[in-house]
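The values are calculated or read from the model by the stated rules, or taken from the named source; none is laboratory data. A quick note: this is a predicted structure, and the numbers were derived from the prediction, not measured. Positions of Cβ are backbone-derived with ideal geometry, glycine not excepted, and every protein chain shown enters the neighbour counts.
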Amino acid sequence: MNEKKSCPVISKHIKVALVGQPNVGKSMLINSVSNAHLQVGNFSGVTVDKTEVLFDYENHKFTVVDLPGTYAFTDYTIEERVTRDYLCAENYDIIINVVDSTNLAKNLQLTAELLTMSKRVVIALNMSDEAKKEGLEIDAKYMSELLGVSCVKVSAVTKEGIVELITTVIADFESSTYEVKLIFSEAVEEEIAKIVAYLQGHKYEAINSYRNIAINLLKNNKKTYEKLHDDPIWIELQPILIEASKHIELHHDSDDIKESFAEEYASFNRGIVAEVVKQSVQVEQKTLTEKIDNVLIHPIYGIPIFLFFMWTLFQLTFEIGAIPMDYIDAFFGWFGDAIGGTIPNDDVRSLIVDGIIAGVGAVVLFVPNIIILFIGIALLESTGYMSRVAFLLDGFFHKFGLHGQSFIPLVTGFGCSIPAYMSARILKNDRDRLLTLFIIGFMSCGARLPVYVLFAGAFFGPEMAGNILFMIYISGALLGIMAAKILKMTAFKGVDEPFVMEMPKYRLPSAKLIWHTVLTKTMMYLKKAGTFIAGASMLIWFLSNYPHNLVLQEEYAKKIESSTSETQKITLGNKLAESLLEQSYLGVIGKFSEPIFAPLGFDWKMSVALQTGLAAKEVVVSTLGVLYALGSDVDAENNSLVNAISKNIPFPSAVAFIVVIMIYLPCLAASVVFTREAGGVKYFFYLLAFTSITAYGLAFVAYNVTKMIV
Amino acid sequence: MKQLLDCQKGDKVKITKLNATNELKERLISFGLMKGVEVEVLEQAPRKKTIEIKIGKMRIALRAEEAKLIEVQEI
Ligand SMILES: Nc1nc2c(ncn2[C@@H]2O[C@H](COP(=O)(O)OP(=O)(O)OP(=O)(O)O)[C@@H](O)[C@H]2O)c(=O)[nH]1
Ligand SMILES: [Mg+2]
């Protein structure tokens, strides 16, 4: 109170928790009220962690918390636990319950549970644009009256009703009257009345209403139980409760009070829906989604169609991605020369041109490929096809000990392993989750794409390179699945978890949505190139240039001077560069580790690139870029990295190299997230051992087999 | 007793009982799969490993193991 007096114009702060079933548009709703760019996708389990978004509306400050979607108030999966824990334990003022207007009856199941909490609820009837298209008319005003809770029609896509939603939240936050009208069958109401009367009689003190406490007690709500359990009235209350539960179970012909309550809610919700929803247009026999599904999840054609899509994606990744590549390459070449010309000092010039520009350029070169890959993943995520593929592959996955829903984190892994590790939270069982965490690395992430494109381009013509790319990804995925089988039979033995998954309707994603998703990810890639990769390139440059060996330099300088022909001079120059590189720090490290990698056919440069690649996979390319830019054998006309690689690396070694890249540890940042999600450092060491041994073993086989064939 | 798994593509049936463990039962209920609800079998993956059903306007994918636990009757 004092605060108000001293500072009357202070803007009010409202903290809103956004709760709803999965895939109803919670994150998108936040994006449309603020300028946040939360991830949006058309499947259940896009948001797996809570995120706070701040924005102002007139003189109110809002903090909106986006929570993972949850079907019911349970802790079935980790992400659902995040939501439940937040709602029970954190501080917030009001709940916005987002519901899908086109499927009200199902969404209201969760609403009914929220209404027995002590916090005020506002219902956002989202997807009102879709409802309109489907000929559904919802009377929001009548619904508000029936429920005693404000209901507002909104659309996160068209932004209709957003302002009304915010003003309603403000009004409700400031008003003090709030009476929920959640009505049960007579049998239940009778029992509730008895308990309420008892609580009133004993003047039990609580924040929540007596009615809600009674309902929660009857529903066996753990938190309410625990609270009352320590109260002296419990001794008298318990027998009343037991009696009441018996009556209700008898009434529902069930031995499960939760089931009975679910049925109570369902019939209440049916009543509400019947009152407020009008179907104005006759519904067709089959919805568009069902018609599409008839083709896409066809028992026979379903999987081939999926494979065809993937093949097309990689084909496009290579074909279209290759077009701007020459220009980017030329640009960095020109840029390096232009900058280099202005720097008199040899060392500084080399640092900038051969270190930073060559290293970063080698990574930026692949931005077009990455963009196409990201577009493909964004389409998969936002159309609703993702859940279909999970459905198609579940039988196959199941055989290998994986859960069908593992598909979702695994696909995310093709973009980047970090969000993939996070999204494994949608798996209920810890064993399934760990298993999935262990094999996410087998799904080649976007950062590995440059290495593949580079090598595919170096050894195959443009007609084949796309197919090779597709093959690399598929074989990575297959290896992952086989690894899952082995892990399931050894480390993660256990019973199979049930698979129950909602299949969303197909949605045509807006170009804006795709653009934003792809742009955010691409900017992240570029940012990494400009900071982390640039730094790593500098380090690599330093390690490969020092210590200076003046004796060697002088010795060669003399030789070059005394040589007569131009070609001899060039050869000698190249030789000098090569010897200098070999005795640099990096050269020493490379030479030291060369024997370890010799059975795989790697020279010391490849060995070094693999080691620096532990920091991030892009660094593999930039290391090769720096090493070959500094090194010898680069002829004057064509000094592209692709050429250097096809000239310097024998094919079997290249194959083995790709195999290692495919399997070994993703990167430093991903390893940190992995360790956190798996819940212990020991898991990181398991992963390290598991991936290193597998990578080495398979690369060895690949090297020798290729050598025999070629 | 007929199980949901025994149904063919296109069948419309009514759920009479859930034989699942408590945890799974809660999960099924939260998806709207409960006593008295009508469901339609939309699609079956090869060898009926996984099936897709429709309740109201929602489509749900289930594995054969889970579909076995749901007792249904014809309507
Ligand atoms: N037509 C239409 N589509 C919408 C609307 N709001 C969201 N969507 C779509 O619904 C899908 C789900 O949106 P999200 O915002 O990811 O849903 P969510 O509730 O955050 O989902 P989870 O994080 O998985 O719980 C996306 O494909 C959106 O494009 C809307 O108002 N109208
Ligand atoms: Mg979300």
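Per the listing A:Ser280, A:Ser245, the residue uniquely surrounded by 13 or more Cβ atoms within 10 Å (Cβ to Cβ), modelled with pLDDT under 90 and either of a type in the set (Gly, Ala, Ser) or touching a Lys or Arg at 6+ places or on another chain (Cβ under 6 Å) (or both) is A:Ser245.
Quick check, is B:Leu28 under 24 Å from A:Leu393 (Cβ atoms), crowded, with 16+ Cβ neighbours inside 10 Å and among the hydrophobic types (A, V, I, L, M, F, W, C)?
Details: under 24 Å from A:Leu393 (Cβ atoms): yes; crowded, with 16+ Cβ neighbours inside 10 Å: yes; among the hydrophobic types (A, V, I, L, M, F, W, C): yes.
When the stated conditions are applied, B:Leu28 passes them.
Residue count for region B:17-31 under the criterion of being more than 15 Å from B:Glu71 (Cα to Cα) and either within 9 Å of the chain's Cα centre (by Cα) or of a type in the set (Gly, Ala, Ser) (or both): the result is 1. Only one entry of A:Asn103, A:Asn31 meets the criterion of being more than 10 Å from ligand 1 (Cβ to nearest atom) and either closer than 29 Å to A:Gly135 by Cα or among the hydroxyl-bearing types (Ser, Thr, Tyr) (or both), and that entry is A:Asn103.
When region A:498-511 is filtered for residues that are more than 16 Å from ligand 2 (Cβ to nearest atom), in a loop (DSSP other than H, G, I, E, B) and surrounded by 18 or more Cβ atoms within 10 Å (Cβ to Cβ), the ones remaining, listed by number, are A:Pro498, A:Phe499, A:Lys505, A:Tyr506. Any idea how many residues of region A:50-68 are touching a Leu at 6+ places or on another chain (Cβ under 9 Å) and either free of Cβ contacts under 8 Å to residues at least 60 places away in the same chain or within 13 Å of ligand 1 (Cβ to nearest atom) (or both)? Residues meeting the conditions: 9. Summed over region A:395-427, the residues that are within 14 Å of chain B (Cβ to nearest Cβ) and part of a loop (DSSP other than H, G, I, E, B) give a count of 5. How many residues are farther than 16 Å from B:Gly10 by Cβ, more than 7 Å from chain A (Cβ to nearest Cβ) and surrounded by fewer than 18 Cβ atoms within 10 Å (Cβ to Cβ) if we restrict to region B:48-64? Qualifying residue count for the region: 0. Of the conditions (1) touching a Phe, Trp or Tyr at 6+ places or on another chain (Cβ under 6 Å); (2) under 26 Å from A:Glu263 (Cα atoms), A:Cys88 clears all except one; give me its number. All conditions pass for A:Cys88, except number (1). The residue list A:Tyr204, A:Tyr198 contains one member that is more than 24 Å from B:Ile29 (Cα to Cα), in a loop (DSSP other than H, G, I, E, B) and either among the aromatic types (Phe, Trp, Tyr) or assigned by TED's automatic domain parsing to the domain that holds A:Val121 (or both), which is A:Tyr204. Taking region A:26-48 as the range and being within 10 Å of ligand 2 (Cβ to nearest atom) and in contact with a helix residue (DSSP H, G or I) (Cβ under 9 Å, 6 or more places away or on another chain) as the test, the residues that pass are A:Met28, A:Leu29, A:Asn31, A:Leu38, A:Gln39, A:Val40, A:Gly41, A:Ser44, A:Gly45, A:Val46, A:Thr47, A:Val48.
Regarding region A:163-176, can at least one residue be identified that is surrounded by 18 or more Cβ atoms within 10 Å (Cβ to Cβ), free of Cβ contacts under 8 Å to residues at least 60 places away in the same chain and not acidic (Asp, Glu)? The answer is yes, given that some residue of region A:163-176 is surrounded by 18 or more Cβ atoms within 10 Å (Cβ to Cβ), free of Cβ contacts under 8 Å to residues at least 60 places away in the same chain and not acidic (Asp, Glu). For region A:69-80, taking the residues that are among the charged types (D, E, K, R) and crowded, with 21+ Cβ neighbours inside 10 Å, the one that is nearest to ligand 1 (Cβ to nearest atom) is identified as A:Glu79. Once region A:24-69 is narrowed to residues that are basic (Lys, Arg) and modelled with pLDDT under 95, the residue that is farthest from B:Phe31 (Cα to Cα) is A:Lys61. Within region A:258-294, the set of residues being out of contact with any strand residue (DSSP E or B) (no Cβ under 8 Å at 6 or more places or on another chain), β-branched (Val, Ile, Thr) and within 11 Å of chain B (Cβ to nearest Cβ) comprises A:Val273, A:Val283, A:Thr287.
The residue list B:Lys17, B:Lys25, B:Lys9, B:Lys35 contains one member that is assigned to a loop (DSSP other than H, G, I, E, B), under 28 Å from A:Phe73 (Cα atoms) and either facing chain A (nearest Cβ under 9 Å) or modelled with pLDDT of 85 or more (or both), which is B:Lys35.
All of (1) among the β-branched types (Val, Ile, Thr); (2) surrounded by fewer than 23 Cβ atoms within 10 Å (Cβ to Cβ); (3) assigned to a helix (DSSP H, G or I); (4) at pLDDT below 85 hold for A:Val626 with one exception: (2).
In the set (1) away from ligand 1 (no atom under 13 Å from the Cβ); (2) at pLDDT below 90; (3) among the polar types (S, T, N, Q), the condition left unmet by A:Thr111 is number (2).
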